[in-house]
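Only one structure is covered here, and it is reproduced in the block below.
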Amino acid sequence: MTTDDRIAAAQRQLAEVEAVTLQGLAAARAALVVVEEENRELRRQALERQIVYYTERQFADLLQVSESTIERLRLAGKLKHDRVGIQIRYRPEHFAQFAEQQTANSKQQTVGGRCGLRSVS
């Protein structure tokens, strides 16, 4: 094998390695795009899942009732809540569940027994 043959063989080998390297780089770039998109989606979901808690006073204001009404509904099991340590807290989904429950009851019935909340027709 002459020097020119060895140089030509080395150049072919180098071209093959370069082609494989470029293919690998293109695949890595495509994978990176997918990972970046997944990361953006995970960040969006994490932001959506930030838990918002309301105090009993804030929740009463949201429902436009007194704190004692909220307490009576909670104690009667008609209003879901969370305990954060020893404190009672409410989340937006508790409001949504209460609203659904209230709508499901007869439109003319009093919701929560003694609580005096009436659904609006």
Does ARG57 satisfy the criteria of being over 27 Å from ASP82 (Cβ atoms), more than 25 Å from the chain's Cα centre (by Cα) and of a type in the set (Lys, Arg)?
no
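Are any of the residues in the stretch 4-26 surrounded by 11 or more Cβ atoms within 10 Å (Cβ to Cβ) and either at pLDDT 85 or above or acidic (Asp, Glu) (or both)?
yes
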Only one residue in ARG40, ARG12 is under 30 Å from PRO92 (Cα atoms) and not assigned by TED's automatic domain parsing to the domain that holds HIS81. Which one?
ARG40
Those residues of the stretch 68-106 which are in a loop (DSSP other than H, G, I, E, B) and either modelled with pLDDT of 90 or more or within 21 Å of VAL52 (Cα to Cα) (or both), in sequence order:
ALA76, GLY77, LYS78, LEU79, LYS80, HIS81, GLY85, ILE86, ARG91
Log entry, pairs with first residue in the stretch 50-75 being hydroxyl-bearing (Ser, Thr, Tyr), second being assigned to a helix (DSSP H, G or I) and at pLDDT 90 or above, beta carbons closer than 8 Å, six or more apart or on different chains, reads SER66/ALA60; THR69/ALA60
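The values are calculated or read from the model by the stated rules, or taken from the named source; none is laboratory data. Not measured: the values here are computed from a predicted model. Heads up, the Cβs are rebuilt from the backbone with ideal geometry, glycines too, and the neighbour counts pull from every protein chain shown.
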